[in-house]
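Inspection log for the structure reproduced underneath, given as structure tokens.
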Amino acid sequence: VGGVVGFVENGTVTGCTVKGDTTKSQIIGRGYVGGLVGQFYDHQTPIEDCYVSVNVSGTEGVGGLIGVSYRLTIKRCSFVGSLEAENYVAGVIGEDCGDSELYGCKAEVEISVSQAYAAGLMNCDSVFTEKIVGSYAVGEIACDSSNAEPVGGLLTSSSAVNATVDSCYSMVVC
């Protein structure tokens, strides 16, 4: 489920805006729910210059911009709103299956997670290379402390990750 489209493979998403009243507007689904795109698998064209301001919720793979991705590049995109999930929830990419990159992205988030893997920007679910450059996250992550698995201001991972994080910051309270 996505605010603009549910599934994209080898497509282009540029200059899109999803805007709602963050006290009322919600995008709700089960798995792979994104404020912009639910599932995005691509390695040729980036998502660029998009803005999402809405609340997003689901069971897992919930992201402010993308629910689940693989080999995706995102440039100059922003998310403002709240996110809620059991597992894999983050301000930009809820669950990345590998090799994705973020450049100049920002997330202003209030995240609620009941089980595992919450991050200000991106969660990684595989042993691949991730890159985050010139990006930031601010906000809060609320989790059930008895179940809390990795929680990160910028990035979390369920596996060993070869991550590059450059010129980024987090002001996310966990």
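The values are calculated or read from the model by the stated rules, or taken from the named source; none is laboratory data. This is a predicted model, so every value here is computed, not measured. Counting neighbours? That spans all protein chains shown, and the Cβs are built from the backbone with ideal geometry, glycine included. When the accessible area is computed, the model is the full protein with side chains, heavy atoms only, and any ligands, DNA or RNA have been set aside. Shrake-Rupley method; radii C 1.70, N 1.55, O 1.52, S 1.80 Å.
Gaussian network model of the chain, Cα springs within a sub-10 Å range: biggest mean-square fluctuation belongs to which of G91, G139, G20?
G20
Just V33, V68, V151 to compare: in a GNM of the chain, with alpha carbon springs under 10 Å, which one fluctuates most?
With Cα springs under 10 Å in the chain, the top fluctuation among V33, V68, V151 is at V151.
List the relative contact order of the chain as a percent without decimals, with contacts defined as Cα pairs under 8 Å and 6+ residues apart.
16
Provide the solvent-accessible area of R71, counting protein heavy atoms only and rolling a 1.4 Å probe, rounded to the nearest 10 Å².
Taking all protein chains as shown, R71 has close to 100 Å².
Looking at the chain as a GNM with Cα springs under 10 Å, which of G94, G104, G61 has the largest mean-square fluctuation?
G104
V133 to S114: extension gain in nm, 0.36 nm per residue of separation minus the Cα-Cα distance?
So the extension gain works out to 4.0 nm.
Just one of (1) 1.39; (2) 0.87; (3) 2.48 is Cα Rg over 2.2 N^0.38 Å as worked out from the coordinates here. Which one is it?
After the calculation, the listed value that fits is (2).
Starting at the first residue of segment 57-66, write each ³J(HN,Hα) from the Karplus equation 6.51 cos²θ - 1.76 cosθ + 1.60 with θ = phi - 60°, in whole Hz, x for Gly and Pro.
9, x, 8, 8, x, 10, x, x, 10, 10
If I model a spin label at N162 and T12 as a point 7 Å from the Cα along the Cα→Cβ vector, what separation in nanometres do I get?
Going from the N162 label point to the T12 one covers 3.1 nm.
At 1.4 Å probe size, with the rest of the protein present, what percent of the exposed accessible area of the chain is carbon and sulfur atoms?
Its accessible area is 46 percent carbon and sulfur atoms.
Heavy-atom accessible area of T17 with all protein chains present, probe 1.4 Å, nearest 10 Å²?
90
Taking the Cα-to-Cβ direction at V5 and at Y41 and moving 7 Å from each Cα, how far apart do the two end points lie in nm?
About 1.5 nm separates the two model spin labels.
Residues with beta-carbon under 15 Å from that of V138, excluding V138: net charge, scoring Lys, Arg +1 and Asp, Glu -1?
Neighbour charge sum, excluding V138 itself: -2.
Please list, by residue number, everything in segment 36-58 whose backbone N is under 19 Å from a paramagnetic label point 7 Å out along Cα→Cβ of E140.
Taking a point 7 Å out along Cα→Cβ of E140, the residues of segment 36-58 whose backbone N falls under 19 Å are 54-57.
Quick one: net charge of V172's neighbours, Cβ under 14 Å, K/R +1, D/E -1?
-2
Run the dipole for the chain about the Cα centre, Lys and Arg Cβ at +1, Asp and Glu Cβ at -1, nothing else charged, and hand back the magnitude in debye, nearest 20.
Using Cβ point charges on Lys, Arg, Asp and Glu, the chain gives about 360 debye.
Could you tell me the relative contact order of segment 1-98? Use alpha-carbon pairs under 8 Å, at least six residues apart, and round to a whole percent.
Relative contact order here is 28 percent.
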